[in-house]
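Colleague: Following this message is one structure expressed as structure tokens.
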Amino acid sequence: LEQFKGIIIALYASYDDLGEINTEAVRRLARYYATTGVKGLYVGGSSGEGMLQTVEERKQILAAVVAEVGEELTIIAHVGAAATRDSVELAKHAEEVGAHAVSAVPSIYYRLSADSVEGHWQAIIDASSLPFIIYHIPQTTGFHLSKGLLTKMAAQDKVIGVKISAESTFELQQFKAAGGSDFLVLNGPDEQYLAGRAIGADGGIGGTYGVMPELFLKIEMCYAQGNMAEAQAWQFKVNELIVKLLSFPSLYGACKAILKLRGFDIGVPRMPLLPCTEGDQGRIEQLNAEIIT
Ligand code: HMN
């Protein structure tokens, strides 16, 4: 499980000027991340706009990522979708192209019972021989994963962990305890990376890591060395930056605008997510300067 412990970047989607998938840009960005020292990439999740893409597009992106950096980085394919059959198809594809694990949110839109979500996840788990990481993000899916269901799912060998984007670190600790010592818990809220680690997370998957991987690696390194004061100072710096990132029309629009300044043109987020405007450019440049100093 070591390959899943540490800093895992939730990869942004790369589009061309027409808004179509740009696999060349996907590869360039993934290649760059492979040089930063992070553990892996989480493909097609919230930051990856998987929910705004067709099944074919999601396959294209994942295949490009694995082909480019699959030997160097741990690649987790997020296959969550509204329809179970889409998720099943994506899970099969993830195994075919050589991803290292699959992960999924509960099916979205319908208000679902625990049995229904369990069936959805089980179908995805059964669709491939890859390990599975539950994605718990109740604030967007509306589904609250109970400790009971988590424990039941974790009893299967293939279910190796959970990514928790809920803000309660108490819940994170409870899930870790429920899953047992060899069950991975990955922190979701980047603002609480250090808090998550301190209470039991094995690492994190985050959407803001992609514009400041070095800073998250510093938090992680200081924490691993037992240097809490310095780890905390880095987390505080990161949080100041995140507050600013969240002040733009969309978080991903801001992250993409920042990467563009650094020579990675990955387009703007798809509607309904809002891009940054001309008027935001000055503040984007300022924020980029703050991140890199
Ligand atoms: C993903 O699936 O793309 C991310 O890993 C999800 C991640 O937990 C992010 N949550 C959301 O986007 C809802 C965070 O990284 C989040 O972007 C960050 O904490 C800033 O609030």
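Colleague: Hey, which of these cross-link pairs are over 30 Å Cα-Cα: 163/237; 152/256; 218/260; 158/256? Intermediate results must be reported in sequence, preceding the final value.
Modeller: Numbers: 163/237 24 Å; 152/256 39 Å; 218/260 24 Å; 158/256 34 Å.
152/256; 158/256, as the Cα separations exceed 30 Å there.
Colleague: Also, I was wondering about something else. So for segment 187-293, taking the charge dipole from beta-carbon charges (+1 Lys/Arg, -1 Asp/Glu), which of 188, 258, 242 sits furthest toward the positive end?
Modeller: Of the listed residues, the answer is 258.
Colleague: Starting from the Cα of residue 286, step 7 Å along the direction of its Cβ; do the same at residue 129; then give the gap between the two resulting points in nm.
Modeller: 5.6 nm
Colleague: If the label point is 7 Å along Cα→Cβ of residue 273, which residues in segment 52-69 have backbone nitrogen under 15 Å from it?
Modeller: 52-54, 58, 61-62
Colleague: Cα gyration tensor of segment 104-182, axes a ≥ b ≥ c as square roots of the eigenvalues: rounded (a/c below 1.5), prolate (a/b > b/c) or oblate?
Modeller: Numbers: a/c = 1.71, a/b = 1.01, b/c = 1.69.
It is oblate, given that a/c is not under 1.5 and a/b is not larger than b/c.
Colleague: May I pose another question? For the chain, what proportion of DSSP beta bridges, expressed in % and rounded to the nearest 5, is antiparallel? Each step should come with its number before you reach the end.
Modeller: Working: 1 of 28 bridges.
The answer is about 5 percent antiparallel.
Colleague: Under the 0.36 nm per residue contour assumption, what length would be gained going from the current alpha-carbon distance of residue 239 and residue 116 to full extension?
Modeller: 40.6 nm
Colleague: Another question about this same structure. Within segment 146-189, which residues have the backbone N less than 12 Å from the label spot 7 Å out from residue 139 along Cα→beta-carbon, could you tell me?
Modeller: So the set is 165-169, 188-189.
Colleague: What number comes out for the charge environment of residue 268, summing +1 per Lys or Arg and -1 per Asp or Glu over other residues with Cβ under 13 Å away?
Modeller: Values: positive: 256, 260, 270; negative: 16, 17, 20, 49, 265, 278, 280.
Combined, the nearby Lys, Arg, Asp and Glu give -4.
Colleague: Another question, if that's okay. Tell me whether segment 44-169 comes out rounded, prolate or oblate; compute the Cα gyration tensor, take square roots of the eigenvalues as a ≥ b ≥ c, and use a/c under 1.5 as the rounded threshold.
Modeller: Values: a/c = 1.62, a/b = 1.44, b/c = 1.13.
Prolate, since a/c reaches 1.5 and a/b exceeds b/c.
Colleague: To continue, here is another question. Among residues other than residue 84 whose Cβ falls under 12 Å from its Cβ, what is the net charge (Lys/Arg +1, Asp/Glu -1)? All intermediate terms of the calculation are to be shown ahead of the outcome.
Modeller: Values: positive: 85; negative: 86, 89, 118, 126.
Neighbourhood net charge equals -3.
Colleague: Follow-up question, since we're still on this one. Along the charge dipole of the chain, pointing to its positive end and built from +1/-1 on Cβ of Lys, Arg, Asp and Glu, which listed residue (143, 200, 80) has its Cα farthest out?
Modeller: Working it through, the farthest residue towards the positive pole turns out to be 200.
Colleague: Same structure again: With +1 on each Lys and Arg Cβ and -1 on each Asp and Glu Cβ, how big is the dipole of segment 79-144 about its Cα centre, in debye rounded to the nearest 20? Please report the intermediate quantities before stating the final value.
Modeller: Values: 3 positive and 7 negative charges, 38 e Å.
Using Cβ point charges on Lys, Arg, Asp and Glu, segment 79-144 gives about 180 debye.
Colleague: Using only the Cα atoms of segment 1-90, build the gyration tensor, take square roots of its eigenvalues as a ≥ b ≥ c, and label the shape rounded, prolate or oblate: rounded if a/c is under 1.5, else prolate if a/b is larger than b/c, else oblate. Present the calculation step by step, with values, prior to reporting the outcome.
Modeller: On the way: a/c = 2.03, a/b = 1.25, b/c = 1.63.
Because a/c hits 1.5 or more and a/b fails to exceed b/c, segment 1-90 counts as oblate.
Colleague: Once the dipole of the chain is set up with Lys and Arg at +1 and Asp and Glu at -1 on Cβ about the Cα centre, which of 209, 93, 165 lies farthest towards its positive end?
Modeller: 165
Colleague: Note down the accessible area of residue 160, probe 1.4 Å, to the nearest 10 Å².
Modeller: About 20 Å², rounded to the nearest 10.
Colleague: Work out from phi, with θ = phi - 60° and the Karplus expression 6.51 cos²θ - 1.76 cosθ + 1.60, the ³J(HN,Hα) of each residue of segment 103-116, listed in order in whole Hz, and give x for Gly and Pro.
Modeller: 8, 7, 6, x, 4, 9, 5, 6, 7, 10, 7, 4, 4, 5
Colleague: I would also like to ask the following. Could you compute the net charge surrounding residue 201? Neighbours are other residues with a C-beta less than 11 Å from the C-beta of residue 201; K and R count +1, D and E count -1. Intermediate results must be reported in sequence, preceding the final value.
Modeller: On the way: positive: 5, 163, 176, 197; negative: 202, 220.
That sum, taken over residues with Cβ under 11 Å, equals +2.
Colleague: Continuing with the same structure: When only alpha-carbon atoms count, how far does the chain stretch along each of its three principal axes, as whole angstroms with the largest first?
Modeller: So the three principal-axis extents are 49, 46, 37 Å.
Colleague: Run the dipole for the chain about the Cα centre, Lys and Arg Cβ at +1, Asp and Glu Cβ at -1, nothing else charged, and hand back the magnitude in debye, nearest 20.
Modeller: Numbers: 24 positive and 34 negative charges, 85 e Å.
Using Cβ point charges on Lys, Arg, Asp and Glu, the chain gives about 400 debye.
The values are calculated or read from the model by the stated rules, or taken from the named source; none is laboratory data. In this text, all values refer to a predicted model and were calculated from it rather than measured experimentally. Because the Cβ atoms are built from the backbone with ideal geometry, glycine has one as well, and the counts that use them run over all protein chains shown. Surface areas here come from the heavy atoms of the whole protein model, side chains and all, with no ligands, DNA or RNA. Shrake-Rupley method; radii C 1.70, N 1.55, O 1.52, S 1.80 Å.
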